Amino acid sequence: MHSKKIQVMPLNRSEGDLEIHFEIDDGMVSEARSAGTMYRGFENLLKGRSPLDGLVITPRICGICCTAQLKAAVKALDMIAGARVPDDAIRVRNLTLMAEQLQNDLRHTFLLFTPDFTSPAYREHSLFEEAVKRYRPLKGEAVIPTIRETKKIIEIIAILGGQWPHSSFMVPGGVVSVPGQNDIIQCRSLLANFRHWYERRILGCTLARWSDVKTLEDLDLWLHEKPAHQESELGFFIRFSREAQLHQLGNGHPNFISFGAYEMPVNTGLKAPSAGFLFPPGFFNNGAMNPFDQEKITEDVTFSHFKSHGDPRHPFEETTVIETPHDNTEAYSWGKAPRYDGYPAETGPLAELVIASNPLIKRLLDKDGPNVFIRQLARLIRPAFLLPAMDCWLKETGVGNETFYQKNEQLENGRGFGLIQAHRGALGHWVTLEDGKIAEYQVITPTAWNASPRDREGIRGPWEEALVGTIIKNPEHPVEIQHTIRSFDPCMVCCVHTIEGNRPIAKILC
Amino acid sequence: MSTTLYWIQGGGCGGDTWSFLSAESPDLTELFDILSIEMLWHPSLSALDPQSKEQLDRRILEDEIPLDILCVEGSIIQGPSGTGLADTLLGRPKKDLIGALAEKAFHVIAVGTCASFGGFGTDQETEATGMQFHKHDLGGFLGKKYKSKSGFPVINLPGCPCHSDVLAGTLSALANDLPLELNETNSPLDWYRIMVHQGCTRNEYHEYRVEEKQFGEKGCLFFYMGCQGPLVKGPCNKILWNRRSSKTRVGVPCFGCTRPDFPPRHPFFKTRNIEGIPIELPAGVSRAHYMAYKGMAAAAAPKRLIKRKSGI
């Protein structure tokens with residue numbers, strides 16, 4: 001019998017609350033919309049304020065990626081000031097953001113993503129009992145050490161930047177702190193401890209052994225090599241995901257965007273895998289790699305409750321004029337649709353590793369396309385790339401005679417952008433200053449890319465696309481929806497919307 | 001008997017939750033074990049499916065499950081135009097659920113500045129307010145007369161974010177039925193009677209008026225850089241952040257995030273002053289005395305400080 005059902009599902013553990021509206025047609029998702037359910041209005045707070053105030057206000061957009069917001073904010077001001085940022089300041093900025101990223105990747109995996117493996121939907125899964133043992137909230141054997149180790153690694157941010165969350169230690173021209181040798185030694189110890197835990201518990205092997213895994217055969221070889229690999233968090237995640245067939249879930253657009261992560265200091269012993277970045281910028285479009293050019297970013301408002309100015313505009317040209325929902329019956333979102341060269345694009349750790357041409361990720365992508373399994377796998381293995389770079393940069397910090405801050409001209413007029421890779425992907429701040437005040441402040445968050453509504457061509461945003469076509473095995477427990485959305489590591493406090501009546505109207509606030 | 005705890009988020013960034021995860025000795029999970037706290041719901045940590053969550057809410061509201069401690073994070077969003085629709089749960093204003101839970105709770109804790117006083121969004125279309133204060137004024141969302149079942153008003157734990165030790169200590173006191181002395185904004189005196197300035201490693205610079213005028217100079221941030229450490233209450237330099245440091249210690253000014261009127265309109269990185277004397281002086285200090293004292297102190301400043309050799 002043909003059955004069609006429309007459901008609204010609140011989705012917690014999405015760093016802020018989110019509701020998914022989806023239609024199930026004969027057991028398959030035929031349409032989907034995502035609606036964040038809260039609006040805070042940060043953009044308005046910034047207009048008319050002193051230029052440096054963005055360094056205090058934008059980190060408070062998000063309690064888990066505040067250092068990322070700070071870095072995007074400061075890079076926009078660096079550009080306006082024409083600042084030359086000393087190497088040691090670049091290192092401190094990178095190191096603190098990397099520490100926050102380690103925290104994010106592990107907390108997302110074991111506090112936000114894998115608790116779904118304890119859902120009653122998996123009662124028949126052969127690893128269900130062990131999943132409950134590992135992932136039970138606040139009690140699981142993977143959860144408790146994750147809480148303990150992640151709070152230690154962010155001590156690096158407190159040593160170099162005062163506190164976490166919500167510090168403002170990055171300023172145009174560098175950082176305010178002047179870490180001494182002992183501060184750096186403390187950071188190195190924290191890093192060594194974290195690495196030890198990551199190797200022993202998360203990978204089950206050394207970083208060196210893991211770096212040999214480049215093909216699908218390598219992965220199987222690694223998994224079956226020894227019990228330590230199978231029993232590690234990575235090994236268990238792979239085994240559980242295979243039986244649950246997560247690689248068949250959450251297929252989306254084959255487009256990925258990265259703004260480039262962790263710019264290299266001028267003088268460093270670390271080899272840059274690509275021009276000036278640890279993870280290169282780029283746009284991967286249906287199998288082809290393209291160089292990244294921020295001029296090609298536009299915001300489309302066809303399905304958003306904003307006045308259209310005709311063609312989609314670049315963020316510097318974009319103004320936000322609200323249109324009441326009934327004026328435009330097609331619109332269903334307060335979110336604008338970011339597009340690159342006209343295309344929607346997924347962003348996040350998977351996008352970073354695809355654009356960095358990581359051999360294992362590329363082969364998995366070639367085999368199955370983008371999916372829940374490789375999104376989460378990319379997040380879980382990303383620390384393996386950060387840890388050696390952090391070690392190198394910590395050793396180099398404070399060794400030369402350079403300062404951590406270079407004084408600049410007063411910030412009066414001009415415009416600049418700060419584009420970084422935050423933990424969830426591409427984050428951009430576009431700032432315009434007039435007469436020493438903030439005139440315009442546009443933020444496009446990673447979740448804005450991933451949770452984008454349709455554009456004027458009717459093309460869905462990445463996670464809308466990833467949901468459509470999903471087979472729901474048990475309508476009582478639609479874990480497939482939860483996995484798909486959570487695999488994007490949604491951050492709804494960054495990207496928040498509002499509901500009016502029963503129509504989802506979504507507003508990207510930041 | 002376990003103590004039940006329900007955590008709800010209004011207009012916030014989640015920072016108080018992530019800050020709470022930094023609790024140490026005991027850490028979060030140990031603390032809940034020691035205090036026999038049963039966490040009924042936390043939006044970032046719970047794995048209840050949506051149906052069970054709805055059932056939980058219903059059972060609490062119908063008095064089938066006792067609610068011992070309600071933690072509220074984030075502001076109460078009342079806008080636009082009083083509808084509360086800028087923050088909803090299943091189409092209904094979240095504030096309605098927060099209000100209904102507050103009627104059932106034995107204790108209510110406002111975690112962070114937004115939940116305490118409104119914080120971000122108080123002057124905007126979101127019409128944000130605090131649980132029982134709107135900035136400096138008693139009232140807020142629940143009104144002046146509100147008392148939880150314990151007879152306490154909403155206990156405010158301001159800070160952006162709230163420090164994990166402050167929340168852990170407050171939970172411990174409540175779970176053990178220990179008396180909790182509150183200040184004029186209903187915050188526990190244990191953490192909100194001292195100034196942020198106390199314990200700052202740059203105190204000696206302040207003492208002799210060795211000023212920082214440019215980032216990274218290692219001086220006192222109070223005179224030019226906008227530091228509010230001597231003006232606001234908070235334990236940042238007593239219990240430190242992440243067990244390591246504080247903003248003022250590394251050279252970031254205190255932005256006064258525990259203040260009921262945070263965030264202020266004036267620039268964060270600039271001290272409003274008249275001829276080098278800040279308009280806002282350390283709490284309770286007379287201008288004439290302060291000017292005389294600082295003038296003499298600056299003259300008495302030792303060279304080792306002026307040369308910034310103290311290594312802070």
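The values are calculated or read from the model by the stated rules, or taken from the named source; none is laboratory data. Predicted model only: the values in this text are computed from it and were never measured. Here Cβ is always computed from backbone atoms with ideal geometry, including for glycine, and neighbour counts include all displayed protein chains.
Among what's in the stretch B:234-258 and is more than 8 Å from chain A (Cβ to nearest Cβ) and surrounded by 23 or more Cβ atoms within 10 Å (Cβ to Cβ), pick the residue that is farthest from the chain's Cα centre (by Cα). Checked the stretch B:234-258; the qualifying residue farthest from the chain's Cα centre (by Cα) is B:Pro253. The set of residues from the stretch B:201-224 being free of Cβ contacts under 8 Å to residues at least 40 places away in the same chain and assigned to a loop (DSSP other than H, G, I, E, B) comprises B:Glu212, B:Lys213, B:Gln214, B:Phe215, B:Gly216, B:Leu221.
Count of the stretch B:1-24 residues, restricted to those that are surrounded by fewer than 21 Cβ atoms within 10 Å (Cβ to Cβ) and away from chain A (no Cβ under 11 Å), is 4.
Just checking, how many residues over the stretch A:156-182 are part of a helix (DSSP H, G or I) and touching a residue at least 40 places away in the same chain (Cβ under 8 Å)? Spell out the reasoning first.
Looking only at the stretch A:156-182, we keep the residues that are part of a helix (DSSP H, G or I), and these are A:156-161, A:181-182.
Subsequent filtering for residues that are touching a residue at least 40 places away in the same chain (Cβ under 8 Å) retains A:156-157, A:160-161, A:181.
Of the residues in that region, 5 qualify.
Just to verify a result, which residue in the stretch A:231-270, among those that are assigned to a strand (DSSP E or B) and of a type outside the set (Phe, Trp, Tyr), is farthest from A:Lys75 (Cα to Cα)? Please lay out each step first, then the result.
First pass over the stretch A:231-270, keeping only residues assigned to a strand (DSSP E or B): A:255-258, A:261-263.
Filter again for of a type outside the set (Phe, Trp, Tyr), leaving A:255, A:257-258, A:261, A:263.
Values: A:Asn255: 26, A:Ile257: 19, A:Ser258: 16, A:Ala261: 13, A:Glu263: 11 Å.
This residue is A:Asn255.
Considering the conditions (1) within 13 Å of chain A (Cβ to nearest Cβ); (2) free of Cβ contacts under 8 Å to residues at least 60 places away in the same chain, B:Leu180 is excluded by exactly one of them, (1).
Those residues that are modelled with pLDDT under 95 and either part of a loop (DSSP other than H, G, I, E, B) or within 14 Å of chain A (Cβ to nearest Cβ) (or both), I need them from the stretch B:150-177; list them, please. Working first, answer last.
Narrowing the stretch B:150-177 to residues modelled with pLDDT under 95: B:175-177.
Within the stretch B:150-177, B:Asn176, B:Asp177 meet the criteria.
Quick check on my filter: what residues within the stretch B:247-265 are modelled with pLDDT under 95 and over 22 Å from B:Glu184 (Cα atoms)? Spell out how you get there, then give the answer.
As a first pass, look at the stretch B:247-265 and keep what is modelled with pLDDT under 95: B:264-265.
The answer is B:Arg265, and nothing else.
Scanning the stretch B:88-112 for residues that are within 23 Å of the chain's Cα centre (by Cα), more than 12 Å from B:Phe141 (Cβ to Cβ) and buried (at least 21 other Cβ atoms within 10 Å of the Cβ) gives B:Ala105, B:His107, B:Ile109, B:Val111, B:Gly112. Does A:Ile438 meet the test of being surrounded by fewer than 23 Cβ atoms within 10 Å (Cβ to Cβ) and in a strand (DSSP E or B)? Yes. With respect to the conditions (1) surrounded by fewer than 18 Cβ atoms within 10 Å (Cβ to Cβ); (2) in a helix (DSSP H, G or I), A:His125 falls short on a single one, namely (2).
If you take the residues of the stretch B:107-135 that are within 20 Å of B:Glu184 (Cβ to Cβ) and in a loop (DSSP other than H, G, I, E, B), which of them is farthest from the other protein chains (Cβ to nearest Cβ)? Steps first, please.
First, pick out the residues of the stretch B:107-135 that are within 20 Å of B:Glu184 (Cβ to Cβ): B:107-119, B:122, B:129-135.
Keeping just the survivors that are in a loop (DSSP other than H, G, I, E, B) gives B:112, B:118-119, B:122, B:130-132, B:135.
Working: B:Gly112: 9, B:Gly118: 12, B:Gly119: 9, B:Thr122: 10, B:Gly130: 15, B:Met131: 17, B:Gln132: 21, B:Lys135: 15 Å.
Of everything passing the filter in the stretch B:107-135, B:Gln132 is farthest from the other protein chains (Cβ to nearest Cβ).
Taking the stretch B:62-83 as the range and being outside any strand (DSSP E or B) and touching a strand residue (DSSP E or B) at 6+ places or on another chain (Cβ under 9 Å) as the test, the residues that pass are B:Ile65, B:Pro66, B:Gly74, B:Gln78, B:Gly79, B:Pro80, B:Thr83. Of the residues making up the stretch B:100-136, those that are free of Cβ contacts under 8 Å to residues at least 12 places away in the same chain and either among the aromatic types (Phe, Trp, Tyr) or closer than 24 Å to B:Val232 by Cα (or both) number 1.
Residues are listed down the side, and each one gets a yes or a no for (1) in contact with a Pro (Cβ under 7 Å, 6 or more places away or on another chain); (2) buried (at least 22 other Cβ atoms within 10 Å of the Cβ); (3) charged (D, E, K, R):
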{"site": "A:Asn182", "(1), (2), (3)": "no, no, no"}
{"site": "A:Gln186", "(1), (2), (3)": "no, no, no"}
{"site": "A:Leu203", "(1), (2), (3)": "no, yes, no"}
{"site": "A:Leu207", "(1), (2), (3)": "yes, no, no"}
{"site": "A:Ser211", "(1), (2), (3)": "no, no, no"}
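For (1) buried (at least 19 other Cβ atoms within 10 Å of the Cβ); (2) more than 22 Å from B:Gly219 (Cα to Cα), each residue gets a yes or a no:
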{"site": "B:Cys162", "(1), (2)": "yes, yes"}
{"site": "B:Val166", "(1), (2)": "yes, yes"}
{"site": "B:Leu171", "(1), (2)": "yes, yes"}
{"site": "B:Leu178", "(1), (2)": "no, yes"}
{"site": "B:Glu184", "(1), (2)": "no, yes"}
{"site": "B:Ser187", "(1), (2)": "yes, yes"}
{"site": "B:Ile194", "(1), (2)": "no, no"}
{"site": "B:His197", "(1), (2)": "yes, no"}
{"site": "B:Thr201", "(1), (2)": "no, no"}
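Within the stretch B:288-307, the residues that satisfy the criterion of being touching a residue at least 40 places away in the same chain (Cβ under 8 Å) and surrounded by 13 or more Cβ atoms within 10 Å (Cβ to Cβ) are B:Lys294, B:Ala297, B:Ala298, B:Ala301, B:Leu305, B:Ile306.
Once the stretch B:23-40 is narrowed to residues that are touching a residue at least 60 places away in the same chain (Cβ under 8 Å) and in contact with a strand residue (DSSP E or B) (Cβ under 8 Å, 6 or more places away or on another chain), the residue that is farthest from B:His107 (Cα to Cα) is B:Leu31. Within the stretch B:225-266, which residues are in a loop (DSSP other than H, G, I, E, B), in contact with a Cys (Cβ under 7 Å, 6 or more places away or on another chain) and of a type outside the set (A, V, I, L, M, F, W, C)? Selection gives B:Gln228, B:Gly229, B:Ser246, B:Pro253.
Kindly indicate which of A:Leu45, A:Leu55, A:Leu111 is among the aliphatic types (A, V, I, L, M), facing chain B (nearest Cβ under 9 Å), free of Cβ contacts under 8 Å to residues at least 60 places away in the same chain and touching a helix residue (DSSP H, G or I) at 6+ places or on another chain (Cβ under 8 Å). Spell out the reasoning first.
Details: A:Leu55 fails: free of Cβ contacts under 8 Å to residues at least 60 places away in the same chain; A:Leu111 fails: free of Cβ contacts under 8 Å to residues at least 60 places away in the same chain.
From the options A:Leu45, A:Leu55, A:Leu111, the qualifying one is A:Leu45.
Here's a check for you: in the stretch B:54-85, which residue that is at positive phi and in contact with a helix residue (DSSP H, G or I) (Cβ under 8 Å, 6 or more places away or on another chain) is modelled with the lowest pLDDT? Checked the stretch B:54-85; the qualifying residue modelled with the lowest pLDDT is B:Gly84.
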